[in-house]
Structures are given as C-alpha cells and as structure tokens.
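Working notes, beginning with the structure itself.
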Amino acid sequence: MSTSSIPSTEVRAPADGFTRRPGIALIVIAVSELMVALDATIVNVSLPAIQRDLGFSATDLSWVPNAYTLAAGGLLLLGGRIGDILGRRRVFLAGITLFTLASVFAGLAPDASWLLVARALQGAGAALTAPNALALVTTNFREGPERDRAVGVYAAVTGSGAVLGMIGGGMITTWASWPWIFYINVPVGIAVLVLTPRFLNESTRTPHRLDLPGAFTSTVGVAALVYGLVQAASEGWRDGRALIAFAVAAVLLVSFLIIEPRTREALTPLHLFLSRNRSGAYAVNLLMIASMLGMLFFQTQFFQEVLNFSPLRAGLAFIPMTLVMVPSTQLAAKLMTRFGPRPVIASGALVAAIAAIWLSQGLSADSGYVDTILGPLLLIGLGIGLMMVPLTAVAVYGIRPEESGAGSSLLSVTNQVGGSLGLAILVTAFGTASRDAARSPEGATPVEQAHHVLAEGVVGAFQLASIFLVAATVLAIVVINAKASELGSAAPHGAAASPPPASPAPAAVPPPVSAAPPATSATPPATAAGTAPAAEPAVSTLNPGEPASR
C-alpha cells in the first residue's frame with residue numbers, strides 16, 4: 001500500500017535522535033499495539049452473532065479468527081524487514097492505515113467471504129504494525145530506565161489485549177452489534193495516524209533485501225494446510241478440495257525449506273533451529289498456543305450456545321483465568337531463576353493438560369459454569385502463566401545479538417501460526433465428534449439434541465487439546481536442558497567490548513527475564529525484526545555452555 005498520503009508534519013527530533021515527548025510517544029505505540037492485540041480475540045465472543053447473520057457453518061466459523069492470525073503470523077517477519085528498508089515509522093503508518101480501512105470493510109461485510117477477506121487484510125495491517133511498533137521503542141526511547149518502562153508498558157498492553165478483547169467484544173456485541181467490534185478501530189486508527197508523525201521519530205533505513213519467495217511459500221503453504229484441515233472437518237478426509245489443499249501445502253512448505261538456506265537474507269534463518277533448547281521452546285510454545293486458543297474458541301461457543309450466556313457474560317466468564325494468570329507469571333520468573341526453565345515449563349504444561357482432561361471428561365450438555373468449567377479455567381490460567389516467561393527466555397537463549405530479532409520474532413510467529421493451525425486441527429476433531437453425536441440422538445427436543453451435539457464436539461476438541469499439552473510436557477522434560485545461570489544475563493560475554501555490526505542490524509530484544517516482567521499473557525509481545533542503532537548494542541542472552549548460532 002502506498003504511504004504517500006500519510007501526513008508528514010512532525011516535530012524536529014532532538015540531537016540525540018530520541019523523542020522529545022516520551023510520554024505521548026509511548027501512549028501512541030501502546031494504543032496501536034492494543035488495537036492489534038484486541039482484534040485477535042475480540043471476535044470470539046461475537047462469533048455466534050456473526051454466524052447467524054452471515055451464514056457461517058460451525059466449522060467454517062473458525063476462519064474468522066484464523067484469517068486474521070494466518071495473515072499476521074505469515075507476514076510478521078516480512079513486515080519487520082520492510083520497516084528496516086523503508087523506515088519503521090513509515091511502515092508503521094502504512095500498517096495502521098491498512099488495518100483501519102480493513103476494519104471498516106469488515107464492519108460493512110454483507111456475507112462470509114467479504115468478512116474473511118477483510119479479516120485477512122486486517123492481519124496484513126497488523127503484520128506491518130506490530131513489529132515496527134516495538135522497533136520504534138528502540139529508536140525513540142533512551143536505553144536504560146526510560147526504554148525499560150516503555151518495553152514494560154508494551155508487554156503489559158500486549159498481555160492484556162487477549163482478555164480485554166474477550167470482554168470488549170462481549171460488551172460491544174451486547175450493547176450495540178457485532179460490526180462495531182470493527183468500527184471501534186476507526187477513531188483509534190485515525191488518532192494514531194495524526195499523532196505518530198508529530199511524536200515518533202523515523203528510524204535509519206538499512207540496506208536489506210526482501211525474501212519474497214520465503215514469505216510467499218511459508219505464508220501460502222501454512223494457509224493451504226489450515227484450509228485443508230478446516231475443509232476436512234466439514235466434508236471429511238476424502239474431500240477433493242481438502243486433498244488438493246494438502247498437496248499444495250506440502251509442495252510450498254518443502255519449497256520453503258529448500259529456498260531459505262540458499263537465500264542471502266532469509267526471513268527465517270533455519271540454523272536457529274539447531275539449538276535443542278530453542279527448538280524445544282518453539283515446539284512447546286506452538287503446542288501450548290494451539291491447544292489454548294482452540295479451547296478458548298470452543299468454550300466461548302459452549303457458554304453462549306449451551307449455557308445461554310449473553311456475549312458480555314461470556315466475556316466476563318474468562319476473568320478468573322486472567323486473575324490467576326497474571327500472578328503466576330511473576331511466580332514463574334522467580335521459580336525459573338532458582339530451578340531453571342525446564343521444571344517450570346513442564347509444570348505449567350502439565351497443569352494445563354490436567355485442565356483439558358478435566359474438561360474433556362466432565363463436560364456435557366448439562367454442565368454448569370461453577371461446577372464444571374471454573375476449576376479448569378483457573379488451572380489454564382495457572383498453566384499459561386507458568387509457561388510464558390521461561391519459554392520466552394529459552395527462545396532467545398544462545399542467539400548472537402545480530403540475530404536476536406529473528407529468534408524472538410520466531411516465537412511470535414509460532415503464536416500466530418500455532419493458533420491458526422491448532423484451531424484448524426481442533427475444529428477437525430470437533431467436526432468428527434459432532435457428526436458421531438448427531439448419529440446417536442439424545443435429548444427430548446431439537447434444542448436439547450443440538451446442545452448434545454455441540455457439547456460432544458467440544459469434548460472431542462478438548463481431548464485432542466489434552467494430547468497436545470501432554471506432548472508439550474514430555475517435550476519440555478526431554479528436550480529443554482538450559483540452566484538458570486545461563487539465562488537472562490544483562491551483561492553477556494563480549495557485549496561491551498564488541499558492539500554488533502550495523503548490518504545486519506540487531507533488533508529489539510525483550511528485557512532480561514531474571515526479574516519479574518510487568519505483565520504477560522497467553523500471547524507474548526511480538527518482537528520486531530527491526531533495527532537498533534549500532535551505537536546501542538542489543539541485549540544478548542548468550543550462554544557460556546552452548547555456542548551461539550552460526
């Protein structure tokens with residue numbers, strides 16, 4: 001999208017290049033990130049209303065969140081690299097513009113296809129916005145307490161976005177109508193477009209190249225895989241379109257694996273996966289996100305369709321999970337520094353697995369919120385909170401400073417792609433269980449039968465989610481072996497004596513996790529694949545026991 005129409009009026013930057021009004025600059029960045037984070041979940045509570053108005057099937061409905069997360073996750077690394085080349089502020093503004101316009105189109109959607117296209121455009125806008133928003137922190141806030149506060153606020157906003165999206169979606173759907181969950185972005189987007197040129201300085205451009213073949217094969221390949229899974233869920237595994245989608249996915253993903261090692265500036269440096277700790281963290285994170293987002297998706301359906309909760313009440317039903325999750329992240333940071341990341345991650349995955357098993361065994365059309373669902377929700381919040389901090393620490397473990405942006409961005413990509421892929425797989429289990437339940441009618445009325453079919457489908461999805469989480473527990477125990485003393489070093493070996501080169505430039509890295517983070521959630525902050533000034537070395541997490549990635 002052209003950025004020629006973006007306002008260019010700005011306040012002259014001070015001599016040191018940092019913003020003169022850090023408070024306002026931080027508000028602009030935080031609001032933009034909150035808007036992007038909210039839209040990943042704000043539709044969940046509104047899905048029944050969207051389904052009724054636009055005629056989605058039960059399985060195709062998963063494309064409403066998936067279209068957004070697939071586009072955002074697939075283009076995230078590309079969005080950060082474009083910001084390096086064209087300027088972070090310029091690309092950030094282009095992303096906000098695209099996101100705002102796509103929100104208008106989503107609210108005006110007259111049918112399902114229109115809405116899915118608009119959601120994909122929103123995801124593309126988010127992919128341009130999110131990595132460059134965090135990258136702008138590094139170029140607008142001075143290193144030290146000022147930047148630490150900015151990163152902390154960014155993390156808190158990102159962490160709270162998922163839950164606020166559920167609550168906000170319920171409030172808007174109850175008091176207005178579902179199109180307003182998209183229209184609400186318009187005044188916010190316009191405000192960000194007006195304030196950004198005045199209070200955020202542009203970054204220095206760097207001579208990178210775009211890895212378009214890698215971006216195309218990875219994004220379209222994963223999209224084809226997800227489409228095949230959703231199609232198989234509704235039509236069966238022998239469906240022709242599903243089989244074609246699987247074939248296309250296989251060809252494109254194999255092509256991606258062939259292309260990336262031969263690309264000079266690959267979006268995904270595959271050698272980062274050679275570290276067992278890092279690969280283990282990515283795999284565990286993907287399994288955790290795949291199960292958690294799918295479970296939240298189906299719980300929302302159960303709340304409204306079976307328990308007859310209003311959209312607002314359905315959103316509020318997730319608050320207990322959040323109240324447990326936030327303090328558990330603080331506990332995880334302390335436990336990790338004492339015992340290392342492996343037992344903390346494994347414990348969190350095991351607790352979440354117990355919650356999934358509890359739901360899969362106890363949930364039925366006659367279940368209530370307090371007697372059946374509240375306990376597992378509390379365990380889910382505890383499990384997620386225990387896992388996220390050490391997973392983030394291990395993900396950037398042993399990475400050279402100049403590759404830290406790619407390493408931490410890959411964790412964000414596993415969040416987006418893992419959520420889409422996991423939801424598609426769980427939808428397949430949901431569809432199979434629902435069809436089996438429909439062949440064995442229960443209930444005296446059509447409504448009771450519909451509740452039985454939905455409940456059995458949800459149970460099938462939760463059973464598969466529990467398998468994911470058990471696998472995550474085993475992976476954490478077997479693969480991750482990093483020690484507490486090797487993580488979160490604020491003064492890594494050689495960092496002071498040897499600043500990283502300007503190209504490829506280092507990216508923003510999360511603050512050291514040896515101290516409790518300001519806030520965390522099921523979705524960690526997207527870390528930019530952007531560029532920090534050469535005079536300000538990025539924080540590294542090199543450990544003495546494992547060689548840095550080559």
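The values are calculated or read from the model by the stated rules, or taken from the named source; none is laboratory data. Remember, predicted model here, so these are calculated numbers, not experimental data. No Cβ is skipped: glycine too gets one built from the backbone with ideal geometry, and neighbour counts run over all protein chains shown. For accessibility, only protein heavy atoms count, side chains too; no ligands or nucleic acids. Shrake-Rupley method; radii C 1.70, N 1.55, O 1.52, S 1.80 Å.
Okay, here's what the table says:
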read-out	value
For the range 26-107: accessible area per residue (Å², 1.4 Å)	24 Å²
Residue-normalised accessible area of the range 234-376, expressed per residue, 1.4 Å probe, Å²	44 Å²
Alpha carbon centroid spacing (whole Å) that separates the range 314-339 from the range 444-458	34 Å
Residues with amide H under 5 Å from that of T268, placed H, sequence gap 5 or more	none
V186-I27 FRET efficiency (beta carbon distance; Förster radius 30 Å; 0.05 resolution)	0.95
Nonlocal amide H pairs with V45, under 5 Å, H built at 1.01 Å	none
Percentage relative contact order, the range 313-391, counting C-alpha pairs under 8 Å, at least six apart	53 percent
Whole-Hz couplings from phi, Karplus 6.51/-1.76/1.60, listed for the range 46-57; x for Gly and Pro	8, 4, x, 5, 4, 4, 5, 6, 10, x, 5, 7
Integer Hz, Karplus 6.51/-1.76/1.60 couplings in order for the range 369-380, x for Gly and Pro	5, 6, 7, 10, 9, 4, x, x, 4, 5, 5, 4
Segments 362-369, 119-126 sorted - mean Cβ within 10 Å per residue, highest first	119-126, 362-369
